[in-house]
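In what follows, a single structure is set out as structure tokens and then discussed.
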Amino acid sequence: MSTIILGIESSCDDTSAAIIRNGVVLSNIIANQEVHKFYGGVVPELASRSHQQNIVPVVELAIKKAGISKKQISAVAFTQGPGLLGSLLVGSSFAKGFSLSLNVPLIAVNHLQAHILAHFIKENQQDNFQPKFPFLCLLVSGGHTQIVIVKDFLNMESIGTTIDDAAGEAFDKCGKIIGLEYPAGPTIDKLAKSADENKFQFTKPKVSGYNYSFSGLKTAFLYFIRDQLKISPDFIKNNKADLCASIQKTIVEILMQKLIKASDDTGIKEIAVAGGVAANSRLSEALTNQAKIKNWNVYIPNKIFTTDNAAMIAISAYYKYLNKQFSNQTITPKAKMFIDTGL
Ligand code: KG4
Ligand code: ZN
């Protein structure tokens, strides 16, 4: 028997739909919303309007590309939260209506858990490269930065979190200061490749336990740039790549420091990374280096499954489907949700 899940993701500025059959991804369509670039960040009202325009064609394409018919779908899954309420409403309303019309179960998925469960998306039947439980997952996205002990598919414990900005936010805000378009993370990664990461030094925050903080770094970066511009108006232009490399190195070192501490303290050597910032090449390099020193097994998802995508929603729903964790039509989206309880 095949279990075929349609997953829908609409928590922020990407409208995505994916089909997964028995854990293997058949299609994963993502419509990015270009409209926000002009504003330097996501505009919630514009995001929900774009979702409304995109959702029908994106779902249709996902079904078509998967080579299945609507009637074969076993369940419809959607992102319940956390995210922008207006955006979440579009996906959840569509999923409710679609599950009702197909007469199949509806499954609500926690976006944060889904980023982590992206590690279990199989690209083909033979794909078995997956972390073993329990593993530590560094979840780093535009909205979240957490260290999570993943005990089972739906049993997770967050042991550290950011007390202010997320790591992706630090990339985006520092990028904005030097004139880069939103989201700046991928551009910083690219520009940093051939630059000197030791040219500029920034102090790292002192935060207790496994917690993080990035707002001080952003402010320090802002003041540093402001002071340098007073001396030389061309400072950014002349140092752009080195600034990118230096700030990227600092962010990665901050992330790694607490991850190493968590691994040392818990003795867990299965180390995974998830969320948009997991696509960062300097972070991958740091993880690979530590793997050699600390004897870690490191897991980095395929880039397409690190940023927001519906395949991660569908895979999470697949494990909920096996446990018969269904939702009813009265379920509502939530702007805030937690990893430990899934609620
Ligand atoms: O997971 P995601 O797609 O959305 C959220 O749930 O937040 O993450 C988006 C974040 C943005 O802040 C973006 O700048 C960052 O991930 N990002 C990167 C890279 N690719 C995406 N940051 C650094 N290096 C990258 N290569
Ligand atoms: Zn996300």
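Need one word for the stretch 214-282: rounded, prolate or oblate. Basis is the Cα gyration tensor (sqrt eigenvalues a ≥ b ≥ c); a/c below 1.5 gives rounded, then a/b vs b/c decides. Cα axes put the stretch 214-282 in the prolate bin. Distance check, please: which entries in Lys96/Lys320; Lys176/Lys240; Lys206/Lys303; Lys173/Lys249; Lys199/Lys237 exceed 19 angstrom between their Cα atoms? Lys206/Lys303, as the Cα separations exceed 19 Å there. 222 nm [θ] for the chain, helices only, -39500 (n - 2.57) per DSSP H run of 4+, per residue, to 500? Rounded to the nearest 500, it is -13500 deg cm²/dmol. Amide hydrogen proximity for Phe338: with H placed 1.01 Å from N in the peptide plane, the residues at 5 or more positions away or on another chain lying under 5 Å are Leu343. Phi-derived couplings, Karplus 6.51 cos²θ - 1.76 cosθ + 1.60 at θ = phi - 60°, listed residue by residue for the stretch 174-186: 5, x, 4, 4, 9, x, 8, 6, 7, x, 7, x, x Hz, with x used for Gly and Pro.
Order of 156-168, 270-282 by packing, highest average Cβ count within 10 Å first?
Details: 156-168: 19.8, 270-282: 23.7.
Those peptides, ordered most packed to least, come out 270-282, 156-168.
For a straight C-alpha distance cut-off of 20 angstrom, the aspartates and glutamates reachable from Lys269 (same-chain residues fewer than eight places away being disregarded) are Asp152, Glu157, Glu253, Glu285. With the simple model of a label 7 Å out from the Cα in the direction of the Cβ, Asn328 to Asn289 spans 5.5 nm. Computed from Cα atoms, the angle from the helix 85-102 axis to the main principal axis of the chain rounds to 20 degrees. With a 1.4 Å probe and every protein chain kept in, tell me what percent of the accessible surface of the chain is carbon plus sulfur. Of all accessible area on the chain, carbon and sulfur atoms account for 52 percent. Amide H contacts of Ala75: Ile4, Leu6, each under 5 Å away and 5 or more positions distant or on a separate chain (H built 1.01 Å from N in the peptide plane; Pro and chain starts excluded).
Counting pairs of Cα atoms in the stretch 70-189, how many percent are more than 25 Å apart?
Working: 3071 of 7140 pairs.
The proportion of pairs with Cα distances above 25 Å equals 43 percent.
Distances between placed amide hydrogens fall under 5 Å for Gly160 paired with Ile147, all partners being 5 or more residues away or on another chain.
Highest mean first, how do 18-25, 185-192 rank when packing is the count of other Cβ atoms within 10 Å averaged over residues? Walk me through the numbers before you get to the answer.
Working: 18-25: 22.2, 185-192: 20.4.
Taking the mean over residues of other Cβ atoms within 10 Å, the ranking is 18-25, 185-192.
Averaged per residue, the chain has 44 square angstrom of accessible surface, using a 1.4 angstrom probe with ligands and nucleic acids left out.
Report the gain in length on full extension from Leu343 to Ser208: 0.36 nm times residue separation, minus Cα-Cα distance, nm rounded to one decimal.
In short, 46.0 nm is gained.
Modelled label positions at Asn32 and Thr219, each set 7 Å beyond Cα in the direction of Cβ, lie 3.3 nm from each other.
Restricting the calculation to alpha carbons of the chain gives Rg and Dmax of 20.3, 69 angstrom. Full extension of the chain between Tyr39 and Asp227 gives 65.1 nm of extra length, using 0.36 nm per residue less the Cα-Cα distance.
If one computes the Cα centroid of the stretch 185-252 and of the stretch 41-113, what distance in Å separates the two points? So the separation of the two Cα centres works out to 37 Å.
The values are calculated or read from the model by the stated rules, or taken from the named source; none is laboratory data. Just so you know, these numbers come straight off a predicted model, no measurement behind them. No Cβ is skipped: glycine too gets one built from the backbone with ideal geometry, and neighbour counts run over all protein chains shown. Accessible surface is based on the protein model in full, side chains and every heavy atom, while ligands, DNA and RNA are left aside. Shrake-Rupley method; radii C 1.70, N 1.55, O 1.52, S 1.80 Å.
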